[in-house]
Amino acid sequence: MSARPCAWRLGVRCARFSAIAAAAVLSVSWSALALAQSFPGKPIKVIVPIAIGGPPDIAARLVAQKMSEGLGQPLIVENRPGAGGTIGGLAAAKSAPDGYTLLVGSVTSLSLGPALFPHAGFDPVKMLAPVGLFNMTPSVIVIHSSIEAKTLQQFIALAKTKPGYFNYGGPTSASPPYISGAQFASIAGIDMVGVPFGDPARVVNAILNGDAHMVIETMGFLAAHIRAGKLRPLAVAGARRLPMLPDVPTTAEAGLPDFESGTWSGFAAPIGTPAAIVQRLNSEVHKVVAVKEIRDFFAQQGGEAYSGTPEEFGRLIASEAIKWAKYAAIAGVKPN
């Protein structure tokens, strides 16, 4: 007889506890909603960890400008290059986690740089909250038009007859084009020499002048010279052909299915940034990549405007870190 009242009283306690818990969750939800709706209340600083002027910097500024229109506050770009992007990355990661400092990260600053500059103390996986991608761009394998090879397989066959003769260029030995060149040579089974030329513009000038034979770079640096007939594209190092190069096969189609290279860009915030703010920023990224001007800009660079969830971006950062650390080891590039 006494068990029923006890069970009933326990049920009342459970019901009361559930009601209190539900009210607490609802309160937190409303607080998060209010936080997201009131954000931002002042300008947002956007750290771009590369030098001013190149296609990646131009892209970051264009996207930041469009985001500022949706957020109703200026997004002020600050360039902080150095140490493979880890200097700017660390500056962003150490900022207050309030949504008012963002990082425009790329394959260099979020995956390759931390692997090559571990003493910088920048760990994107542990120190950043991914917000969302806004661009993905494959690289293109190009050679000087004077080289007799017309296809990727012809170039590989030619290189095998001249071990150590052909070279590939990159800005530095710690840059994606340089490391991609080493990975390409390894997979193709050819002996090529890597040459660092200092910056992307010098790499392009080097191949135009015949000082470099091959470069693996994005179309933003190459398009004008391909159209002029000075450079010959052999393959797109991505999953799909490019609309601007419809007759150029992918590396898989050209017989090198294990090789892909390219870059991507996205926003990240300091770890601990409220989830409601991250989601607000992510929704603005989605809106921006749907704008025709943005989509056309990236298409002209040989890429595509792309977005996704913060979780998807986080998985990409982690997987790309493994991939590029492996590529760097093959290239013989040791951590600094």
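The values are calculated or read from the model by the stated rules, or taken from the named source; none is laboratory data. These numbers were taken from a predicted model, which means no experiment stands behind them. Because the Cβ atoms are built from the backbone with ideal geometry, glycine has one as well, and the counts that use them run over all protein chains shown.
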Which condition number does Leu234 fail, the rest of (1) at pLDDT below 95; (2) touching a helix residue (DSSP H, G or I) at 6+ places or on another chain (Cβ under 6 Å) being met? (1)
Looking at Ile207, Ile216, Ile190, Ile226 in this structure, which one is of a type in the set (Val, Ile, Thr) and part of a loop (DSSP other than H, G, I, E, B)? Ile190
What residue, of Glu311, Glu284, Glu253, is more than 12 Å from the chain's Cα centre (by Cα) and either of a type in the set (Lys, Arg) or crowded, with 16+ Cβ neighbours inside 10 Å (or both)? Glu284
In the set Pro124, Pro114, the lone residue that is under 20 Å from Ala269 (Cβ atoms) and touching a Leu at 6+ places or on another chain (Cβ under 7 Å) is Pro124
Residue pairs qualifying under the 7 Å Cβ cut-off, at least six apart or on distinct chains, with the first in the stretch 74-103 being at negative phi and the second being assigned to a helix (DSSP H, G or I) and of a type in the set (D, E, K, R), are Val77/Arg61; Asn79/Asp57
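Results for (1) of a type in the set (Ser, Thr, Tyr); (2) modelled with pLDDT under 95, shown as yes or no for each residue.
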{"site": "Leu158", "(1), (2)": "no, no"}
{"site": "Thr161", "(1), (2)": "yes, no"}
{"site": "Gly181", "(1), (2)": "no, no"}
{"site": "Ala185", "(1), (2)": "no, no"}
{"site": "Gly189", "(1), (2)": "no, no"}
{"site": "Met192", "(1), (2)": "no, no"}
{"site": "Val195", "(1), (2)": "no, no"}
{"site": "Ala201", "(1), (2)": "no, yes"}
If Val278 meets every condition in (1) touching an Asp or Glu at 6+ places or on another chain (Cβ under 9 Å); (2) under 30 Å from Leu90 (Cα atoms); (3) not acidic (Asp, Glu) apart from one, which number is that one? (1)
Answer residue from the stretch 264-274, given it is surrounded by fewer than 22 Cβ atoms within 10 Å (Cβ to Cβ) and touching a helix residue (DSSP H, G or I) at 6+ places or on another chain (Cβ under 7 Å) and is nearest to Thr250 (Cα to Cα) among those: Trp264
Report yes if some residue within the stretch 124-131 is over 27 Å from Lys287 (Cα atoms) and either in the same structural domain as Arg280 (by TED's automatic domain parsing) or among the aliphatic types (A, V, I, L, M) (or both); otherwise report no. yes
If Arg240 satisfies every condition in (1) closer than 26 Å to Leu112 by Cα; (2) surrounded by 15 or more Cβ atoms within 10 Å (Cβ to Cβ) but one, which is the exception? (2)
Restricting attention to the stretch 126-145, does a residue exist that is within 15 Å of Ala93 (Cβ to Cβ), surrounded by fewer than 20 Cβ atoms within 10 Å (Cβ to Cβ) and out of contact with any Lys or Arg (no Cβ under 6 Å at 6 or more places or on another chain)? yes
Take Leu242 and tell me if it is farther than 17 Å from Leu103 by Cα, outside any helix (DSSP H, G or I) and not aromatic (Phe, Trp, Tyr). yes
Odd one out for Ala157, checked against (1) part of a helix (DSSP H, G or I); (2) more than 22 Å from Ser111 (Cα to Cα); (3) small (Gly, Ala, Ser); (4) touching a Phe, Trp or Tyr at 6+ places or on another chain (Cβ under 8 Å): (4)
Of Lys150, Lys94, which residue is surrounded by fewer than 24 Cβ atoms within 10 Å (Cβ to Cβ), out of contact with any helix residue (DSSP H, G or I) (no Cβ under 7 Å at 6 or more places or on another chain) and outside the structural domain of Ile226 (by TED's automatic domain parsing)? Lys94
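Residues checked against (1) in contact with a strand residue (DSSP E or B) (Cβ under 7 Å, 6 or more places away or on another chain); (2) buried (at least 24 other Cβ atoms within 10 Å of the Cβ); (3) closer than 23 Å to Pro274 by Cβ; (4) not hydroxyl-bearing (Ser, Thr, Tyr):
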{"site": "Val63", "(1), (2), (3), (4)": "yes, yes, yes, yes"}
{"site": "Leu103", "(1), (2), (3), (4)": "yes, yes, yes, yes"}
{"site": "Ser111", "(1), (2), (3), (4)": "no, yes, no, no"}
{"site": "Tyr168", "(1), (2), (3), (4)": "yes, yes, no, no"}
Considering only the stretch 293-302, I want to know if a residue exists there that is surrounded by 15 or more Cβ atoms within 10 Å (Cβ to Cβ), modelled with pLDDT under 95, assigned by TED's automatic domain parsing to the domain that holds Ala120 and closer than 19 Å to Ser175 by Cβ. yes
